[in-house]
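As structure tokens, the structure follows; a few thoughts come after it.
Read-outs: derived from the displayed coordinates by stated rules, not from any lab. As the structure is a computational prediction, the values presented were derived from the model and not from experiment. Cβ sites come from the backbone with ideal geometry, for glycine too, and all protein chains shown count toward neighbours.
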Amino acid sequence: MIASVRGSVLVSAGTTVVIDVGGVGLSISTTPQNALALRVGMEATVHTALIVREDDLSLFGFATKDELDVFDLLRGVTGVGPKSALGVLATMTPAQIASAVDAEDDAAFRKVPGIGPKTAKLIIVSLAGKLAVASTVTEPVSSTPSSARDDVAVALVGLGWPERVAASAVEDALAVASAAEKDSVPALLRIALASLGPRS
């Protein structure tokens, strides 16, 4: 089991980062927020989960242990694979996931691409009583509003939305975001994703 990876960032684009560990470049799937926080050339530590299948070995990485723990819990829910679990964490923070589970708010999970009504209810039932995440979470990324706008647009395109749609969603998100949210790539991305809804 590879629990964490530390090294120099070689590639950071969309939902993939490549980290050089002892001369070996490890490709890691992550959320757009985490990918944007990892700049090429910087030294980074990523909490990881190794998913082993018959014909594939995949690494999924996260900025915090809380994110990794929630990812593992989500993968234990029937109908939720690694990519769907990653999608949930791209849309909601661990604290927001814990809050939605506590409030039995399955609608929050239905906003995630690939999560239908039945699976959303299963997440609520399966995770009930298992999440104890602090309500205050430090956002890992902060940048100027103009940079945040560009980074969020790039992240949305990386998730599969056309550039024009992504740009429009970012402008809509900026219109309703608070001053603090406009400076935060993760917060702005969550607002944009919520306004877009599931991608068809």
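Here are the numbers for the structure shown:
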| quantity | calculated |
| --- | --- |
| Projected label distance in nm at Leu50 and Ser99, using a 7 Å step from Cα toward the beta-carbon | 3.6 |
| The chain: calculated mean residue ellipticity at 222 nm from DSSP helix runs of at least 4, using -39500 (n - 2.57) | -13500 deg cm²/dmol |
| Assigned charges on the beta-carbon of Lys, Arg, Asp, Glu; region 145-196 dipole about Cα centre (debye) | 80 |
| Cα pair distances exceeding 26 angstrom across the chain, given as percent | 31 |
| Total charge dipole magnitude, region 4-62, about the Cα centre, Cβ charges on Lys, Arg, Asp, Glu only, Debye to nearest 20 | 220 |
| Exposure proxy ranking, count of Cβ atoms within 10 Å, fewest first, for Ile51, Ile115 | Ile51, Ile115 |
| Residue range of the chain that is longest and free of trypsin sites (Lys or Arg not before Pro) which are both DSSP loop and sparsely packed (at most 15 other C-beta within 10 Å) | 40-129 |
| Sites matching GluC sites (Glu not before Pro) across region 36-74 that sit in DSSP coil, with at most 13 neighbouring C-beta atoms within 10 Å | Glu54 |
